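Taking it in order: structure first as structure tokens, then the write-up.
No value in this document is a laboratory result; all are computed from the given coordinates. No experiment lies behind these values; they were computed from the predicted model shown. Backbone-built Cβ (ideal geometry, glycine too); neighbour counts: all protein chains shown.
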Amino acid sequence: MKIRGEMLSFSLRGAVSWTAFMLAAAVAAAVIPAVSHAGEAELKAEIDKIWSKLVNVEIAAGITEPAPVEPTWSDRLTIGGVVEVEANYNDGEQGDDTFNASDIAVAAVELGVEAEVSDFSSAHVLLLYEDDEDLQVDEAFITLGNTLNNPFYLTAGKMYVPFGNYESQMISDPLTLEIGEAQEDAILAGVEAAGFYASLYGFNGDFVDGGDDVVEHYGANAGYAFEAEAVSFDIGGSWTSAIRDSDGLSGAIIAAPGDEVVSDYVDGYAAHLVAGLGPVTLIGEYVGADDDLGGAGSNSRISAYNVEAGVFFPLAGRDAYVAVGYQETDEALWAGLAEKRIVTAVAVEIMDGTSLALEWLNEEDYDVADGGTGADWDVYTLQLAAEF
């Protein structure tokens with residue numbers, strides 16, 4: 001037995017269908033005599049018009065759903081980016097000598113495009129400009145797969161391979177990134193399901209072990225990420241067969257032709273934990289080489305770690321945070337890195353998509369006995385950033 005609402009809907013639909021039929025019949029009665037002497041093509045055209053009117057009546061009544069509209073090419077594109085302008089002041093001491101410097105610069109400009117080519121393929125392009133460097137294609141890769149429907153995917157192109165995490169609440173990059181981040185032309189196979197993620201990748205790096213110049217560098221990462229209303233965390237680890245190929249280390253090692261030839265490759269390992277507990281964010285990460293890096297000006301096993309704590313809070317109706325961190329390296333003098341770093345930052349969203357941040361960073365070089373200068377310096381950075 002139908003309830004009152006269902007009966008009313010049934011009656012309305014029946015009435016509309018009857019009205020549509022009567023409208024079609026009336027139109028047909030008026031049109032058919034006029035086209036009785038016309039050709040077959042003219043008659044078919046008039047019939048199509050009648051059916052079109054009938055369908056429009058049913059759509060207006062909610063009986064027939066309108067045909068879906070195919071998305072245009074612009075609907076498949078997502079464009080975003082960021083502009084960062086920084087003013088900094090450097091104040092240092094080395095023995096009895098002091099030195100200082102200041103500057104204002106466009107620190108970074110990023111423009112990214114995501115294209116949904118089909119339901120199971122997408123393309124990503126990221127253009128990057130940094131102070132004193134030319135505009136370049138920072139990332140460009142194609143992904144096959146859709147993790148909403150299938151956990152497996154394949155990515156090929158220029159990318160930052162997933163060795164290390166390098167999450168930070170500071171303006172400056174952490175020392176762990178200086179050791180481990182690697183931009184490569186690579187092929188990566190990955191999986192994401194129920195919070196778990198993992199991938200395997202291969203690339204042909206800058207270094208060769210005296211043999212053929214072939215794809216023989218590999219890496220892997222795995223982890224688990226969880227997010228709820230008040231608690232979130234991401235814990236994971238990664239491995240690379242060639243830590244020398246990181247952007248920071250390869251730049252320090254390869255100073256002349258022939259420096260890219262090595263006797264063997266050195267593995268690298270990284271582990272991270274990023275946790276959110278209400279307004280508090282905690283970050284911990286370690287990156288290091290598995291063996292000595294001979295031929296780099298030092299036969300030492302380089303490593304670094306970073307720990308940070310930050311608190312988010314509202315300020316005049318806007319989001320704000322304050323964070324503090326400590327970083328340290330071991331056997332990294334030859335790579336041009338400081339031994340110790342203390343850093344603090346405070347940032348506030350001054351309007352939608354626009355933030356203002358201030359960072360104080362204190363670095364300490366390796367001791368003179370270790371081949372360093374023993375100097376320490378302070379860097380103050382004010383950053384205005386707009387994200388769109």
Given H placed on each backbone N at 1.01 Å, which residues far from Phe207 in sequence or on other chains put an amide H within less than 5 Å of it? none
Label points 7 Å out from Cα along the Cβ direction at Arg301 and Ala386: separation in nm? 5.0 nm
As an exercise, identify the GluC sites (Glu not before Pro) in segment 186-277 lying in DSSP coil whose Cβ has no more than 11 other Cβ atoms within 10 Å. Glu229
Overall dimensions of segment 73-387 as given by Cα atoms, namely Rg and Dmax in Å: 20.6, 65
Along Cα→Cβ, 7 Å out, is where each label goes; now give me the distance between the ones at Val137 and Val106 in nm to one decimal. 2.1 nm
Report, in whole Å, the centroid distance computed from the Cα atoms of segment 316-350 and segment 161-188. 15 Å
Residues of segment 196-214 with amide nitrogen under 20 Å from the 7 Å Cα-to-Cβ point of Tyr224? 196-200
Mean shadow of segment 88-247, computed from the convex hull of its alpha carbons, in nm²? 14.1 nm²
